[in-house]
Amino acid sequence: MLKPRFRLKTRDEIDAMRPACRLVAEVLSNVKKTIAPGVTTKELDTYIDDYFAKFGAVPLFKGYTGQKSPFPAATCISVNEEVVHGIPGPRKLAEGDLVTLDTGCRYQDWCGDSAITVGVGKISPDRQKLWDVAEETLRMAIREIPRCRKWSQVARKMADFVRSHGYSVVEQFVGHGIGRNMHEDPQVPNYDACSWNKQDFWLDEGLVIAVEPMVNMGGKDVKVLGDHWTVVTRDRKPSVHVEHVLAITSKGVEILTDRSEFE
C-alpha cells in the first residue's frame with residue numbers, strides 16, 4: 001500500500017525554491033575549486049558560511065538539534081570512512097582523500113540542500129570507481145523517475161546498481177522531502193525493502209525531494225562516533241555521499257541544485 005498522498009508543490013512554489021537551491025549549488029561549485037592537500041575542513045566550512053552570510057541566507061545545519069548537542073557548523077564535511085555529518089575542524093585534507101561536503105540554506109523563506117564528493121589531488125583507482133558509482137547512482141535516479149510510478153521502483157534500481165559493483169547502500173540514513181523546511185515528508189530511501197512498503201509514494205507532478213545515495217566500499221553498517229554526529233562505516237572502508245534536490249514538473253525532472261552553469 002502506498003503512503004497517503006501528502007501535499008505537493010505548485011509551479012509557483014517550485015519556482016520560489018530555485019534561489020535557495022541555486023545558492024547552494026553555486027557555493028558548492030565554488031568551494032570545490034579550493035579543495036587541495038593541506039586545506040582544513042574548517043576553512044572549507046568558513047568559506048561556505050561566509051558565502052551564505054553575504055547573501056543573507058541562513059545555514060540550515062548550524063544549530064540543528066541533535067541527541068546531545070546542536071550541530072556546530074554550516075557544512076557537514078565527511079572524509080574517507082566518514083559517511084555523513086562530519087564536523088569541520090583542524091583536520092588537514094591529504095592527497096588521495098575523498099571528502100564530502102553537504103550543506104543547505106534557507107533563503108527567501110525556502111530551503112536548498114545538496115552534497116558533493118570531491119577527490120583530493122590524485123586518488124586511487126578503487127576510490128575513483130566508488131565515487132563514479134555513487135555519482136551514476138544519483139544520475140540513474142534522475143533518469144528513472146519519469147519511467148516509474150512509485151519511488152520504490154527507483155530505489156530498487158539504485159540499490160541493484162550499487163550492489164552489482166560489489167558495494168553496499170547505507171540504510172540507516174535516507175533522503176527527504178524539502179520545501180519551506182529542510183526535512184519534510186516523504187522519507188526517501190536509497191533501497192527497497194518490505195519494511196518500506198507502507199511508506200512508498202507516487203512520483204507525481206509537484207513532488208520535490210532531496211535524493212542522496214550513500215555508497216560504501218565495504219559493508220552497509222555504520223556507527224556514530226563519540227562527538228554524537230559523525231557517522232562512519234563500521235569496517236572503516238571509504239564511503240561516498242552525493243545529493244540533489246529534484247522537482248517533478250510538467251516538463252519532467254528538474255535538478256534544482258544543478259551546478260553545471262557554475263562549473
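Bear in mind that the values in this text are calculations on the coordinates, not laboratory data. Predicted model, so just to flag it, every value in this text is computed and none were measured. Cβ placement follows ideal geometry from the backbone for every residue including glycine, while neighbour counts extend to all protein chains displayed.
What's the extension gain from PHE262 to GLN172 if we count 0.36 nm per residue and subtract their Cα-Cα distance?
Numbers: separation 90, 0.36 × 90 = 32.40 nm, distance 3.24 nm.
That pair, PHE262 and GLN172, stretches by 29.2 nm at full extension.
Among the helices of the chain (complete DSSP H runs), which have Cα atoms covering no less than 27 Å along the helix axis and a Kyte-Doolittle mean of at least -0.5?
On the way: long enough: 11-32 (31 Å, -0.13); 125-144 (28 Å, -0.99).
Correct list, ordered by number: 11-32.
Would you mind calculating the relative contact order of the chain from Cα pairs under 8 angstrom and at least 6 residues apart, reporting the percent as a whole number?
Values: 615 pairs, mean separation 63.4, N = 263.
24 percent.
Using the alpha-carbon centroid of each, what span in Å lies between the range 39-75 and the range 84-159?
Spelled out, the Cα-based centre of one part sits 18 Å from the other.
Using 31 Å as the Cα-Cα cut-off, could you pick out the over-long pairs in LYS122/LYS251; LYS122/LYS150; LYS9/LYS92; LYS9/LYS33; LYS68/LYS220?
Listed pairs above 31 Å: LYS122/LYS251; LYS122/LYS150; LYS9/LYS92; LYS9/LYS33.
Can you sort VAL84, VAL27 so the residue with the fewest Cβ neighbours within 10 Å comes first? Could you put the intermediate results ahead of the total?
Numbers: VAL84 23, VAL27 28.
Least to most surrounded, the residues fall as VAL84, VAL27.
How much length is gained if the chain between SER69 and ARG163 is pulled fully straight, taking 0.36 nm per residue apart and subtracting their Cα-Cα distance, in nm to one decimal? Walk me through the numbers before you get to the answer.
Details: separation 94, 0.36 × 94 = 33.84 nm, distance 3.50 nm.
Gain in length upon complete extension: 30.3 nm.
Given the peptides 6-15, 239-248, 54-63, arrange them by the average over their residues of other C-beta atoms within 10 Å, most packed first. Walk me through the numbers on the way to the answer.
Numbers: 6-15: 14.3, 239-248: 25.5, 54-63: 16.6.
Ranked from most to least packed, the peptides come out as 239-248, 54-63, 6-15.
Sort 16-24, 67-75 by packing, meaning the average of other beta carbons within 10 Å per residue, with the highest value first. Before the final figure, lay out the partial values.
Numbers: 16-24: 22.6, 67-75: 17.2.
The densest-packed peptide leads the list: 16-24, 67-75.
What ranking do ARG127, ARG139 get, fewest neighbouring Cβ atoms within 10 angstrom at the top? Don't skip to the end; give the middle numbers.
Values: ARG127 18, ARG139 13.
Sorted ascending by nearby Cβ count, the order is ARG139, ARG127.
Across every pair of different alpha-carbon atoms, what Kirkwood hydrodynamic radius in Å does the range 11-262 reach?
Details: mean 1/r = 0.0552 Å⁻¹.
With all distinct Cα pairs of the range 11-262 included, I get 18.1 Å.
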